[in-house]
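Trainee: I have a structure here, written as structure tokens, and I will follow up with some questions on it.
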Amino acid sequence: MTDWQTTLREQLTDGRDPSWVVLEGQGMVEAALAGWWEVAGVVISEDHSWEVPVWSGMEVARVAPAEMASLADASIHGGVLGLAKKPSETGEVAAFLRSLDAEALVVVCPRLDDPRVAGEVIRLAAEHDAAGVLLGAEGVSPFHVEAVRAAGGATFQLPIRIADGGLLLRSLKAAGVELCGWEQAFSGEAVTSGRRALVMGDPEKGLGPFWKAACDRQVGGEVGEALEELAVESGE
């Protein structure tokens, strides 16, 4: 068994190494390749018809259907499991924000405790043409297997950056990003132009006093509506 296969099995068991991302299903592997992620290899069931593109350079291991089912839930992966290396630039928050267009929209989540929520946020951000997603290191990893699953391939489409809350805020302010706090009870204020961020709190805990005070204004409605509103303002 090769090193990447051993790592894949370890990640499926405990997911303890944050530098690796498990890819569930052919579609997810193809999305990772399309996003130019480094995919170490794929395990494919012998009864699966997918032929991995030669140009991908991935290693391929064919295993019996029973072994494939023993690795993880076959109803989710459908006979294909991959292992990808997490992009190295995920911590480069300040440089990423400085590189944004003048009217860019980003989504900021200082702390999310549920990986499925993190994945949904990334999916919604991609659907509304956000330039990227920033997440606090204090929360759940956006590369957790459940987060990647919930994102539906959007993980590989968008730049994702991770840092502690203090660095996130300093970098956002230094880049001149307007912070728009979101909670359903909030009401919108005046529209302005320039870079803006939708700052979202955990669904159960909200933004918290620190980030509420840091925001320049507040927006309301469902999160999709808030993103749409800010995307229109940004000229997306």
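The values are calculated or read from the model by the stated rules, or taken from the named source; none is laboratory data. Everything quoted here is computed from the prediction, not taken from an experiment. Neighbour counts run over all protein chains shown; Cβ positions are idealised from the backbone, glycine included. The protein model used for the area step is the full one, side chains on, heavy atoms only, and it has no ligands, DNA or RNA in it. Shrake-Rupley method; radii C 1.70, N 1.55, O 1.52, S 1.80 Å.
Trainee: Do any GluC sites (Glu not before Pro) in the range 96-134 lie in a DSSP loop with no more than 16 other beta carbon atoms within 10 Å, and if so, which?
Mentor: Hits after loop and neighbour filter: GLU103.
Trainee: State to the nearest 20 debye the size of the charge dipole of the range 1-151 about its Cα centre, where the only charges are +1 on K and R beta carbons and -1 on D and E beta carbons.
Mentor: Taking the Cα centre of the range 1-151 as origin, the dipole is about 160 debye.
Trainee: For the range 59-198, report the convex hull volume of the alpha-carbon atoms normalised per residue, in Å³, without decimals.
Mentor: 128
Trainee: State, as an integer percentage, the relative contact order of the chain based on alpha-carbon contacts under 8 Å between residues 6 or more apart.
Mentor: RCO, the chain: 19 percent.
Trainee: Could you check how many percent of all C-alpha pairs in the range 29-136 are farther apart than 23 Å?
Mentor: Distances greater than 23 Å cover 45 percent of the Cα pairs.
Trainee: Build a GNM of the chain with springs between Cα atoms under 10 Å: which of ALA40, ALA154, ALA66 gets the top mean-square fluctuation?
Mentor: Sorting by GNM fluctuation, first place goes to ALA66.
Trainee: With r defined as the distance between the Cβ atoms of GLU138 and SER56 and R0 fixed at 45 Å, what FRET efficiency is calculated, to the nearest 0.05?
Mentor: 0.80
Trainee: Given H placed on each backbone N at 1.01 Å, which residues far from VAL108 in sequence or on other chains put an amide H within less than 5 Å of it?
Mentor: LEU134, LEU198, VAL199, MET200
Trainee: Considering only DSSP beta bridges with both partners in the chain, what is the antiparallel share in %, to the nearest 5?
Mentor: Percentage antiparallel, nearest 5: 30.
Trainee: Averaging over all projection directions, find the projected area of the Cα convex hull of the range 134-186 and quote it in nm² with one decimal place.
Mentor: Value for the range 134-186: 4.8 nm².
Trainee: Could you please state how large a percent of the accessible area of the chain is carbon and sulfur, counting protein chains only and using a 1.4 Å probe?
Mentor: Here it works out to 50 percent.
Trainee: So what is the accessible area of the chain per residue, in Å², with the probe set to 1.4 Å?
Mentor: Solvent-accessible surface per residue comes out at 46 Å².
Trainee: If I take all pairs of Cα atoms in the range 1-64, what percentage of them are more than 15 Å from each other?
Mentor: Of the Cα pairs, 52 percent sit more than 15 Å apart.
Trainee: May I pose another question? Which is the longest stretch in the chain that no exposed loop site breaks, taking sites as trypsin sites (Lys or Arg not before Pro) with a DSSP loop state and at most 10 other Cβ atoms within 10 Å?
Mentor: 17-204
Trainee: Would you mind giving the average projected area, over all directions, of the Cα convex hull of the range 32-73 in nm² with one decimal?
Mentor: 3.4
Trainee: One quarter of the convex hull surface, Cα atoms only: what value does that give for the chain in nm²?
Mentor: About 13.0 nm², averaged over all directions.
Trainee: Then there's this: Report the GluC sites (Glu not before Pro) located in the range 1-94 that are in a DSSP loop and have at most 14 other Cβ atoms inside 10 Å of their Cβ, or state none.
Mentor: Sites meeting the loop and neighbour criteria: GLU46, GLU51.
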